[in-house]
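Here's the structure we're looking at; comments come further down.
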Amino acid sequence: MMEIMVCLKQVPDAAEVRVDPATRTLMRQGVAAMVNPFDLHALEEGVRCRERLGGGRVTAVSMGPPQAAEALREALARGADAAVLLGSRVFAGADTLATSRVLALAAGKLAPGLILAGKQAIDADTGQVGPELAAWLDWPLVCYVAKIREISPARAVVERRLDSGREVLEVDLPAVFTVIREINEPRLPSFKGRLRAKKAAIPVWDERELGADPAETGLAGSPTAVAEIFPPPRRERGEMPTAGTPAEAARLLAGKIRECRPA
Amino acid sequence: MLDYFLSEEQSLMVATARELAERKILPVRARYDEEERFPHEIFRAIAEADLAGVYIPEEYGGSAGGSPIMNMCLVTEELSKICGGIALSFASSALGALPILIAGDEEQKRRWLPRMAAGALGAFAITEADAGSDPVAMRTLAVRDGDGYVLNGTKMFITNGGEAEIYSVLAMTDREKGARGASCFVVEKGAPGFGFGRKESKMGIRASATRELIFQDCRLPAANRLGREGSGFMTAMKTFDSSRPGVGSQALGIAAGALALAIGYARERKQFGRPIISNQGLQWMLADMATQVEAARALIYATARWIDAGAKRPTMASAMSKCFASDVAMRVTIDAIQVFGGVGYSKEYPIEKYARDAKITQIYEGTNQIQRDEIALALIREAARK
Amino acid sequence: MREAPAAGPGGVWVFGEQEEGRLHPVVPELIGKGRELADRLGLPLAVPVFGRGAEAAAREALAHPVDLAIPAEDPELWIYSPEPYAARLAGLAGERRPEIILAGATAIGREFLPRAAVLLKTGLTADCVGLEISPDRLLRQTCLSFGGNVMAAIVCPGRRPQMATVRPRVFRPAEKGGRGGRLETAPPAAGPPAVRKRRLEWLPETAGGADLAGADLVVAGGRGMGGPKGFALLERLARRLGGALAASRAAVDAGWAPPDRQVGQTGITVRPKLYLAFGISGAAHHLAGMADSDRILAVNRDPGAPIFSVAAWGLAADALEVVPALLRELGE
């Protein structure tokens, strides 16, 4: 029975977050929290792997504040068998290195045959946690997985996209895969899944449970620090000439295209 | 909307159906309508979301939880808010399952219901070319032949026809006996002698398939007959008693969806420098639309709950639910077009489709004239009993 | 606060991503920036290059103002894989102790740099769009987050090297002109790592949006294109102009364009020189994937549509009417 660990992150709807230009702090009040969309594809693939293997267990894991349990409940509603919240005040303020360290300790406890994660999270957009998790574990890593062709408890054959082509790899398990959107179409939370998720108890693992060295987690374990945040430079609203007929509009536009067209 | 004190399960069912409708149906409804494309992948998603069996008891793989008809209505309404045509794949499948639930024996229920709960599509067939409002005039015959029957005849306007896997079909087993001479059978797609004819091109509910069923020496074992021989019309009447609130819910969902769009548009659209919703004339229109929608909902929910509680003769309430809600849907959707003005008449906006989809709900599963006959008949009977 | 470590004697490194002996276009960009940072710190600039053809690519690097190129052509580096690449980079960095390591934020860079950062137990900043040396001699790394709505300056005060992946096409490529830099082939790694991964196939292709991500000209359509017919027109326009076709999420969800054409937060991020938006209202999710384009021209019926707040030039008109007229105007 293979254990499949899926890493999830709860993120704000990133497109709605702004920087307060005066205080230079994030304005995220009223911005809805959601499961990072790429991670939903990882979860779906985990559930499909379990179905293909004819058994096993999919455990959704998230490091975050108590509210992140909501993201884990959604994972349960979408087909995960179990969920664990990695939560402690000493985990707060973690950069990717410290986050991946805690996830690696969770992997040590769960002993999965496969770890799946989204290609990146839409808030910080780093795409580093998955690769760093593989590094802490010293497991093989495959990013940008577009298809899992074959899977058995010992091995997987996957297709992944690089900038200039598609690579087909045979990988010994355990391994870490990060997935891209084309890998699948995530199923929606089912009625029975929602019912189960609502009633499920979600265990919280803290630094004692994980045997984590506090110096390696949270702010203390993070080599990088945010020196400053600020809004991106404002753009001037562009010129908007009026055009009477479509033909006139097309003429203006064609002129503009000729002017701007790259050589 | 009023608080109807839905159970926790029902609230989750509604939330599931709503998300499914918004995520899977909304993006494709216009295309499916234009292309008259049957929504197989959406019905699969409905099944994957555990909604295909909300009216089927747990022992047969469903999740009726003692309130099958209310559940069916809630899901139908929610899907219909986004697309009454695509929602019909679900509602009509339920209609096909009801005769099995009502008249099937234990073995028959075990044979077909778990498949339907898992996503096998159903359909129900009575109507024929010369037997619409007058089903007793039907010509499809089921003739005893050894330990089975041989079916011959053609059904018409069958929703989910050609697409469904499991069909509940009414046929005459003894024409002499008239209303007591019909029996109900389950016929599976692929049965020898069972084929499909012309598919209708329709004004509305275009994502739904409406097609002829053709039986040519189609042999069926007796084990496919639901209930005893001659009980077919009784089964059909009981089926309609339970299914008409479902048609009402489809109409209700269409009306509620159109109302929501009209309110949204009226707040956005500006004329004379202010949103058109600030006109009292338009406000009163919206108020009337909302009142009718809520009244339809209250009637349907009360009827559905009464049926689930074991009502013996819910015929009048069922007919009222269907008749009232479908008339409401027609008025509300036409008024919604009026709120949109010129663009409401354009196919570029979704609102005209709501009106096209609404019209059928006044016609099928008994025209609203037939519903009024039923209601009047029940009134007369009740008065005579006093 | 931890004391900043002494500047790494190895200087500033730019990872020389290469294929078949040719440097990736991002490398000269990083060399230009890296030179500036190195000069500011008074340190040398070095370019490690891995894989088959590394020596040729290293020579190409030396045609730019680089002090040292370090090719490594061991067999385990012939086919790119993050494990041997990370091990090799971390191994070299452990010996030579660079102050800064930069790599392109390419598929490869973003995959193996994190692994190297863990091996070196140091910080890494992703997809930087700005790099400078702060008054306290730290590398100040600017990156975008929250779909481009927020910029953040990141520093790595206490550990070395300071590492960053850098977005391609942000910095100007270094001028040609070597400065007589040395070429120093790296000795083979001690024990090749265990092989836990085998490449079965390599399918070179540009489909699936790869052409889109790197396109100089993008022709994009949204809900305002009305349907598949509208998209067929855009496809002709894209072909006429030699650009790549893109779509908003609404258009992809409606089935008018395939998913690999989707530009936006959960789709592809593009930065073409010219982005033509037709019938796209400009939801925040879409803007997140294209607002950094050099020049945006937009046509949309609604003059208040958010797309016009990022467009350099716009027309409030029905895109469905303008596109056919435009095709005629362009002499198709």
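The values are calculated or read from the model by the stated rules, or taken from the named source; none is laboratory data. Small disclaimer: the values here were computed from a predicted structure and weren't measured. Cβ atoms come from the backbone with ideal geometry, glycine included; neighbour counts cover every protein chain shown.
Structure data summary
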{"read-out": "Residue tally, condition away from chain C (no Cβ under 14 Å), over 19 Å from B:Lys81 (Cβ atoms) and not aromatic (Phe, Trp, Tyr), over the range B:33-51", "value": "6"}
{"read-out": "Selection from the range A:133-164 of residues that are under 24 Å from A:Glu207 (Cα atoms) and touching a Leu at 6+ places or on another chain (Cβ under 6 Å)", "value": "A:Leu133, A:Ala134"}
{"read-out": "Filter result for B:Asp335 (assigned to a helix (DSSP H, G or I), over 21 Å from the mean Cα position of the chain (by Cα), within 30 Å of B:Ile276 (Cβ to Cβ) and at pLDDT 95 or above)", "value": "yes"}
{"read-out": "Among residues of the range A:38-97, those that are in a strand (DSSP E or B) and modelled with pLDDT under 95, counted", "value": "0"}
{"read-out": "Looking only at the range C:78-112, and only at residues there that are at the interface with another protein chain (Cβ under 10 Å from one of its Cβ atoms) and free of Cβ contacts under 8 Å to residues at least 60 places away in the same chain, the one that is nearest to C:Thr142 (Cα to Cα)", "value": "C:Arg110"}
{"read-out": "Test result for C:Gly289, among the small types (Gly, Ala, Ser) and at positive phi", "value": "no"}
{"read-out": "Matching residues in the range B:202-218 - criterion: being out of contact with any Gly (no Cβ under 6 Å at 6 or more places or on another chain) and more than 19 Å from B:Ala123 (Cβ to Cβ)", "value": "B:Met203"}
{"read-out": "Filter result for the condition that a residue is modelled with pLDDT of 95 or more, closer than 14 Å to B:Leu121 by Cα and small (Gly, Ala, Ser), over B:Gly84, B:Gly61, B:Gly53", "value": "B:Gly53"}
{"read-out": "Number of the exception - B:Gly193 against (1) more than 24 Å from the chain's Cα centre (by Cα); (2) buried (at least 21 other Cβ atoms within 10 Å of the Cβ)", "value": "(2)"}
{"read-out": "Meets criteria (over 16 Å from the mean Cα position of the chain (by Cα), within 14 Å of chain C (Cβ to nearest Cβ), farther than 19 Å from B:Gly310 by Cβ and among the hydrophobic types (A, V, I, L, M, F, W, C)) for B:Ala30", "value": "yes"}
{"read-out": "Check on C:Ala58, within 11 Å of another protein chain (Cβ to nearest Cβ), part of a helix (DSSP H, G or I) and hydrophobic (A, V, I, L, M, F, W, C)", "value": "no"}
{"read-out": "Residue that is farthest from the chain's Cα centre (by Cα), among those in the range C:248-267 that are farther than 19 Å from A:Ala146 by Cβ and buried (at least 24 other Cβ atoms within 10 Å of the Cβ)", "value": "C:Trp256"}
{"read-out": "Evaluation of B:Ala164 against (1) buried (at least 23 other Cβ atoms within 10 Å of the Cβ); (2) not in a loop (DSSP other than H, G, I, E, B) (one fails), failing number", "value": "(2)"}
{"read-out": "Those residues of the range A:213-263 which are modelled with pLDDT of 90 or more, among the acidic types (Asp, Glu) and surrounded by 14 or more Cβ atoms within 10 Å (Cβ to Cβ), in sequence order", "value": "A:Glu216"}
{"read-out": "Test: residue in the range A:236-251 that is farther than 27 Å from B:Ala49 by Cβ, more than 7 Å from chain C (Cβ to nearest Cβ) and part of a helix (DSSP H, G or I)", "value": "yes"}
{"read-out": "Evaluation of C:Pro188 against (1) more than 14 Å from chain B (Cβ to nearest Cβ); (2) assigned to a loop (DSSP other than H, G, I, E, B); (3) free of Cβ contacts under 8 Å to residues at least 24 places away in the same chain (one fails), failing number", "value": "(3)"}
{"read-out": "Residues of the range A:103-125 classified as of a type outside the set (Gly, Ala, Ser) and either under 21 Å from C:Thr266 (Cβ atoms) or within 13 Å of chain C (Cβ to nearest Cβ) (or both), total", "value": "7"}
{"read-out": "Number of the condition not met by A:Ile115 [criteria: (1) assigned to a strand (DSSP E or B); (2) surrounded by fewer than 23 Cβ atoms within 10 Å (Cβ to Cβ)]", "value": "(2)"}
{"read-out": "Hits in the range A:9-27 (condition: surrounded by fewer than 17 Cβ atoms within 10 Å (Cβ to Cβ) and more than 19 Å from the chain's Cα centre (by Cα))", "value": "A:Arg18, A:Asp20, A:Pro21, A:Ala22, A:Thr23, A:Arg24, A:Thr25, A:Met27"}
{"read-out": "Counted residues, the range A:158-179 - those being surrounded by fewer than 23 Cβ atoms within 10 Å (Cβ to Cβ), more than 7 Å from chain C (Cβ to nearest Cβ) and of a type in the set (A, V, I, L, M, F, W, C)", "value": "1"}
{"read-out": "Pick from the range C:220-239, criterion facing another protein chain (nearest Cβ under 10 Å) and touching a strand residue (DSSP E or B) at 6+ places or on another chain (Cβ under 9 Å), ranking: farthest from C:Val263 (Cα to Cα)", "value": "C:Leu237"}
{"read-out": "Yes/no for C:Leu62 being more than 18 Å from C:Ile108 (Cβ to Cβ) and either touching a Cys at 6+ places or on another chain (Cβ under 6 Å) or of a type in the set (A, V, I, L, M, F, W, C) (or both)", "value": "yes"}
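For (1) of a type outside the set (Gly, Ala, Ser); (2) out of contact with any Phe, Trp or Tyr (no Cβ under 8 Å at 6 or more places or on another chain), each residue gets a yes or a no:
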site	(1), (2)
A:Val47	yes, yes
A:Gly54	no, yes
A:Ser62	no, yes
A:Ala71	no, yes
A:Ala83	no, yes
A:Leu116	yes, no
A:Ala121	no, no
A:Gln128	yes, yes
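Results for (1) assigned to a loop (DSSP other than H, G, I, E, B); (2) at the interface with another protein chain (Cβ under 7 Å from one of its Cβ atoms); (3) touching an Asp or Glu at 6+ places or on another chain (Cβ under 9 Å); (4) in contact (Cβ under 8 Å) with a residue 12 or more places away in the chain, shown as yes or no for each residue.
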position: C:Ala250; (1), (2), (3), (4): no, no, no, yes
position: C:Gly255; (1), (2), (3), (4): yes, yes, no, yes
position: C:Thr266; (1), (2), (3), (4): yes, yes, no, yes
position: C:Ile280; (1), (2), (3), (4): yes, no, no, yes
position: C:His286; (1), (2), (3), (4): no, no, no, yes
position: C:Asp292; (1), (2), (3), (4): yes, no, no, yes
position: C:Gly304; (1), (2), (3), (4): yes, no, no, no
